[in-house]
1. Please compute the length gained on full extension between Arg29 and Leu12, using 0.36 nm multiplied by the number of residues separating them and subtracting their Cα-Cα distance.
2. Report the accessible area of Leu34, computed with a 1.4 Å probe over the heavy atoms of all protein chains in place, in Å² rounded to the nearest 10.
Amino acid sequence: LLEQALLADGPLLADGVATALAPLTTTPRTGAELVTTLRIFLETAGNRRETARRLELAPRTVAYRLRRIALPGNPICLPARLR
């Protein structure tokens, strides 16, 4: 129900996304890379190899970035099988 409410209310969804991504975007030097990695990872339905291919990175680099995104305290929590 929460997801449906967020999707139905554009401004609320935008605020939620901004809040969730804020810790990533403010990460010195690598914030933009983390956000781009997360975006492509979600676009590829959680496929690390395809994400790595699109970013022209090694799959281990993508895995490292996903672990950084899922650090404790970040509101974005990826299941362990996706990290």
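The values are calculated or read from the model by the stated rules, or taken from the named source; none is laboratory data. None of these values were measured; they are calculated from a predicted model. Note: accessible area is taken over every heavy atom of the protein model, side chains too, but ligands, DNA and RNA are not part of it. Shrake-Rupley method; radii C 1.70, N 1.55, O 1.52, S 1.80 Å.
1. Full-extension gain reported as 3.3 nm.
2. Counting only protein heavy atoms, Leu34 exposes about 0 Å² to solvent.
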